[in-house]
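A short write-up of the structure that comes next.
All of the numbers you see were taken from the coordinates with simple rules; none came from a lab. Please read these numbers as outputs of a predicted model, since none were measured by experiment. Please note: Cβ atoms are built from the backbone with ideal geometry, for glycine as well, and neighbour counts cover all protein chains shown.
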Amino acid sequence: MSSSDFQRLRALFDEICDWPRSKQLSYLAEMSLNDKALAGELADLLDIELNTPLPATAGALGAAMNTMQKAESAVWLGKTIDRYEILEELGRGGMGIVFKAQRRDGDLQQTVALKILRRGLLDARVLGRFLRERQFLASLRHPNICTFLDSGMTDDGTPYVVMELVDGDDLQSYANQRNLSIRERVLLFQQVLRGVAYAHKSLIIHRDLKPSNILVDALGNTKLLDFGIARSLSTSNAVETERWFTAQYCAPEQLLGTALTTACDIYSLGVVLYELLSGKPPFQLAGKTPTETESVIVRTPAPPMAIAGAKRSTYADLESILQKAMKKEPEARYQSVDEFALDLDSWLHGLPVQARGSHASYRIKKFVQRNKAVVSASVALVVALVGAVMIFVVQNARIRNERDRAELSLAVLNDAFTAADPLQTGRGNVNIREVLNASADKLLRLERSNPADFVALATRFVDVQYRVGQINDASKMLDRAMIVALNTGDVASEITLRRMKIRVALAFRDFVGAVKLIDAETDPVARTHPEFLFLQGDANRAAKTQIEFFRAGILGAGLAVNNTYWVSAHWRLADALIRDKRVDEATEVMSDLRQLLENQLGEEHILVLRTRMAQLRLLQRLGKLEELEAEGNNLLLKITSVFGQDTLFTGDAESIMAAIFRGVKKYDVAARHSKNVVQIYERQFGASSEWTLRERLNLALTLELIDDSNTTEQFQILAQSAINSDVIEASLKDFLIVRSAEHFLKIGDARLTIATLLNTRYQPHFESMDSDYKSRTQRTLSAALNSIGCTENAVPSCTNRDQTETCRLGNQRLCEIVNAK
Amino acid sequence: MNEPVFSFEKPVTELLERWKSGDRAVEDELIESVYPYMRALASANLRRYGRGIAQTTELANEAYLRLQGQQTFDWKSRSHFLAIIAAVTRNVVIDLMREQYASKRGGGSINVISIDHADAQIPATDDEDFDWIALDCALKALAVEDPVCAKVAEIKLFSAMNIDQIADACELSVSTIGRHWRFAKVWLTKRLSVKLNENEFE
């Protein structure tokens, strides 16, 4: 083909590739009259485009290596090693290739599994020990351990191991094929524990426990493979020198290279059980670099399991058992396999499990668990960050690595916070704030000693502070970082910091200030950054202008699909489109976004779920109530199954549902959701936190609208919690109390009205009280006093001293209110 | 852990500096210089981890991290660097495969069973038996006609970069990259099947 032909072919292909097939065919027919060869070529390409994907778009090197290993296997087939004739390959792993082999030893015929070990695994010293320990390994006999038969070396010095041949499936496929219930899976796993317990008592650690190393034979007996081999492979001080094991199942201390104990097997067993029960290993390691993998294994706690089709409450105890087995610190895990087995036994019999621990610690642990990667990971990571930053200060020589680590921590931290507080309301986890402040202090020490690193880290840090809602702190750090950036000439950070400054201004709702900052940005690159365009959209109130900016920012390349700002720009774009009466476009934007995110990130990704939540609002505005209710319930189910019933995210989702249903006047549905929110928030934040109280108010108001019989009870709890709360602002407290009192008065319960307003723990400051609340308090109190017979010049009654006292106090309070005016 | 020690000659650092400042002419030289490093890394990974861990993606990432750690400057354009690494990875893969084929053909200790026999035993349908050398040839042919398209295909095949990153590395729009890849995919596929058929007559 000539070069000009190629150019034509290419141009034609690009042009007609997206045409409908019929149109393509008629075009090709016409074309073949003039240029048959090129038309044929083009037709071929279009056919291929239609029918055949190219194999393997990634992982070329891995595939290449597999091919090489295949050749390696071919080397052995049909050969005889010592007494064993190699028959066929059974499988391969990090340690080597396993073959089915026939023992030919005089009359003795036995089919065995023969594993040829990777040569690089053994150095001469270890090899000697490996061969010496044969006898010992062969003495290890247990029904749940695959029996070690022999080991040796081939002519060219490659070591091999001979084991009993187990005809069966690996643990995971066995359970899946038979569709075993959770209970049956736990029972099966108990067998595995028995095997490991036996080995531990013989002072052998496995070190490479994973589903593929656990087989289940035809009779349903589990068989552990490779016991003892690992130990023989390592050096005498029991510290790993080679990383041949599977990262997914290996304990943190194994990666860190510290001494190993039986606790490392307990960890791996936890991971195996986690996967056996939920079908998924706890960590998604695919595509991660060794460094990232290590960081996940060493620092991130396993997220709670999601078992399809099972209620979370039914396996909450199993969850605790797993969390205990998979503790990062070896000493926090079960002390022995027997202890682990005992707890599973308790679960099988419905008894309390040890893993849940004492009450106080259990609550804290539960809080952390419920919010999975979320709170626990974030706190752990902040601690790691503090550590990293400290090392940094001390040891300048290692600065580059430490800075990378700190940056990595910050990046992960950022994600963790996004998940912890998906609506970015910045509600108060005090711990996080304290830890962040401590980190900030450490960070500030770098201001002089390492200004360049200070700027880089502070820029990320500000983003974290912003995301957890600490706008004031973020603003301060931002100003300091900006000064240093100007001094060090770090232009890139300067641009990012200027953008953050706009974001902070918007968070303070300072639109004028934000617009000024936007106008002051002169750098052309900075001005075209998608996030800058989003901020321009946010700073503008006019729908049409917003639409333009959001569209431009979304289309501009550079932001990944999982960038929160990019995704949320779509929501705001849809919002602006609705305000501009372009409802169809808004619907399309949102459904396209959802489609894209689902394809790229999976259905369970937090951004997908949040997008679906934003779609609910759209349905609400469109008045599609039936769809709204159906999709709302679907979404809630999904969120609950991914995040658990008792998480903030679920609470927030329920809260949105409640608001939406209130908006469309379906108060019974709204009340149901509100009730769930109150329960979740109460457990998460406590009864007297602002968030619980606000939602409880919503609940009470909703119930009041439908004259529900529980209305008064809810207002009573609300008033009581508000009175007892020392964490809410005075104005909120005043409002909640007076609103409750108004309800009590309305239902004719004057005593409750007075008791609420005159509660001794409630000492309002009328001088600073909102004038609306003040007059409402005055009105309500005096009406209630009147209805129990107190008049301004009440005559003290001899029969009811209490009432007299009440009237006196009530009048005194009324005077206070009047005087404060 | 005994990490293989990799170190660069001074000229490599200079090349990187020049490349970083925008001098794309040094790219070929750079690829040649990074090659031994990637090759050693690939072999080390193969030795240490066996199959599974030695994926291209991880290899490229690891190379990136380590190179970054060794250099005294920041790599601002990660995408550009990964594009170079993709080219190096391609060379490493192809060379490893070539050696593999050569040793199969050349006899010696590996040649236990004949090629015909091996091919008959292993069905040539899955990715593992994909003809990488044929792919390399097809890519070369494509590069003659349409170098940009071939470059896009190379990055797509030998790195884990997503389309946005590739767009960034090639300084082209996302939609252009999409068009290039779509064409490269069908064009290469056609070439490969033709090539495989020709092989039958060898």
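Observations on the model:
- Gain in span if fully extended, A:GLU598 to A:VAL512, counting 0.36 nm per residue against the direct Cα distance: 27.2 nm
- Formal net charge of residues neighbouring A:ILE266 (Cβ-Cβ distance under 15 Å; K, R +1; D, E -1): 0
- Scalar couplings 3J(HN,Hα) for the range A:142-149, obtained by applying the Karplus form with A = 6.51, B = -1.76, C = 1.60 to θ = phi - 60°, are 7, x, 9, 10, 6, 6, 7, 9 Hz; x denotes Gly and Pro.
- Annotation: for a label point projected 7 angstrom from Cα along Cα→Cβ of A:GLU729, residues of the range A:678-700 with backbone N closer than 19 Å are A:688-698.
- Label point distance in nm, A:GLU30-A:HIS765, each placed 7 Å from Cα along Cα→Cβ: 8.3
- Largest first, the extents of the alpha carbon coordinates of the range A:3-51 on the three principal axes equal 27, 19, 16 Å.
- In the calculated pair-distance distribution of the range B:133-189, the portion above 19 angstrom amounts to 19 percent of the Cα-Cα pairs.
- The range B:140-154 residues near the modelled B:GLU32 label - backbone nitrogen below 15 Å, point 7 Å along Cα→Cβ: none
- Entries of A:LYS516/A:LYS733; A:LYS638/A:LYS666; A:LYS516/A:LYS774; A:LYS501/A:LYS733 with Cα pairs more than 28 Å apart: A:LYS516/A:LYS733; A:LYS516/A:LYS774; A:LYS501/A:LYS733
- Amide hydrogen proximity for A:LEU117: with H placed 1.01 Å from N in the peptide plane, the residues at 5 or more positions away or on another chain lying under 5 Å are A:TYR160, A:VAL161.
- Here's the picture: a label point sits 7 Å out from the Cα of A:LYS624 along the beta-carbon direction, and within the range A:549-575 the residues with their amide nitrogen under 17 Å of it are A:571, A:574-575.
- In this structure, the residue pairs whose Cα-Cα separation is over 21 Å, taken from A:LYS115/A:LYS328; B:LYS140/B:LYS190; B:LYS151/B:LYS190; A:LYS115/A:LYS210; A:LYS280/A:LYS328, are A:LYS115/A:LYS328.
- In a fully extended conformation the segment linking A:ARG141 and A:ARG21 would gain 36.6 nm over its present Cα-Cα distance, using 0.36 nm per residue.
- Using the Cβ-Cβ distance between A:GLU631 and A:LYS79 with R0 set to 51 Å, the FRET efficiency works out to roughly 0.20.
- Enclosed volume per residue, in Å³, of the convex hull spanned by Cα atoms of the range A:676-821: 105
- Estimated from the Cβ-Cβ distance and a Förster radius of 35 angstrom, the FRET efficiency linking B:ILE163 and A:ASP169 is about 0.35.
- Counted charge near A:ASP510, where neighbours are those whose Cβ lies closer than 13 Å (Asp, Glu -1; Lys, Arg +1): +3
- P(r) histogram, all alpha-carbon pairs of the range A:595-659 included - 10 Å bins from 0, percent: 22, 54, 23, 0
- In the range A:549-762, the ratio of gyration radius to Kirkwood radius, Rg to Rh, stands at 1.06 when only Cα atoms are counted.
- The label-point distance for A:GLU89 and B:GLU14, in a model that sets each label 7 Å from Cα toward Cβ, rounds to 4.7 nm.
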